[in-house]
Amino acid sequence: MSNKTPSDNTVSIKTRHEFIKTKIAEAIYAANRADNEVKLVAVSKNQSEEKINTLLRCGQQLFGENRVQEAKRKWTSLKVTHPNTRLHLIGPLQTNKVSQAVSLFDVIETLDRPKLAYRLAEEMSKQNRKLPCYVQVNLGEEKQKFGIPPANLDAFIDLCRNDLGFEIEGLMCIPPASDDPRIHFSTMRTLALRNNLSGLSMGMSADYESAITCGATLVRIGTAIFGKRDN
Ligand SMILES: *Cc1c(COP(=O)(O)O)cnc(C)c1O
């Protein structure tokens, strides 16, 4: 698909967005699930404000960004002009960015360690802004840096919920690229059920259909909607 002129660009983002929504609906139907069980998070990291505006005009309201600085630069004014937009943080959060993250984002999907949990709890109460969170799970264990290992997950959720008063909506993962993601998606479902969590943020451009089959409630899709990233 060519992105040469602004109007081509508009058409192709709209077309891809509609295509993905149709594919999502088909996967939901095939899995015998209800339509409203799965939401599309459009991942706008490294995409220009112009492209984001195009997708906003298509009616998309849920977006994901992975860097606090970049999100702040692009979304501070977009959120004013589009007050119904909901912004998810889907990238690693450093404790020195927590204050900015709490004021900008609506959901944090990458809660993954006690130090961050304490800092976030403190900041949410200071700003009186209690954001729903997802706990990021490190399914690749030694291969990946981010996320809490499954062995420590239940205790961490207990800390977040019971000691720190978080509203934990579910679990989030990025499976190691080398593996069949379905194995990891099934593990995620087991971990969520065991912890009484209904939310599962999993599935990206390449594997969102199998994620939906395995119970995803949020799919995070970037390139399949926007085309290649501008970096
Ligand atoms: C970039 C990113 C995505 C989207 O990836 P695509 O392959 O472009 O769909 C999803 N989740 C996270 C955490 C990401 O960083």
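The values are calculated or read from the model by the stated rules, or taken from the named source; none is laboratory data. What you see is a predicted model; the values in this text were computed from it and never measured. Positions of Cβ are backbone-derived with ideal geometry, glycine not excepted, and every protein chain shown enters the neighbour counts.
Below is a table of values for the structure above.
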| quantity | calculated |
| --- | --- |
| Selection count, region 175-220, where residues are part of a strand (DSSP E or B) and either more than 15 Å from the ligand (Cβ to nearest atom) or surrounded by fewer than 23 Cβ atoms within 10 Å (Cβ to Cβ) (or both) | 1 |
| Members of region 146-174 found to be under 30 Å from E209 (Cβ atoms) and in a loop (DSSP other than H, G, I, E, B), listed by number | F146, G147, P149, E167, C173, I174 |
| Matching option when the condition is surrounded by fewer than 16 Cβ atoms within 10 Å (Cβ to Cβ), modelled with pLDDT of 95 or more, basic (K, R) and in contact with a Leu (Cβ under 9 Å, 6 or more places away or on another chain), among R86, R129 | R86 |
| Region 12-35 - residue that is at pLDDT 95 or above and among the polar types (S, T, N, Q) and, of those, surrounded by the most Cβ atoms within 10 Å (Cβ to Cβ) | T15 |
| Inter-residue pairs, beta-carbon under 8 Å, first on the phi < 0 side of the Ramachandran plot and aliphatic (A, V, I, L, M) and in region 207-227, second assigned to a strand (DSSP E or B) and surrounded by fewer than 18 Cβ atoms within 10 Å (Cβ to Cβ), 6+ apart | L218/K39; V219/K39 |
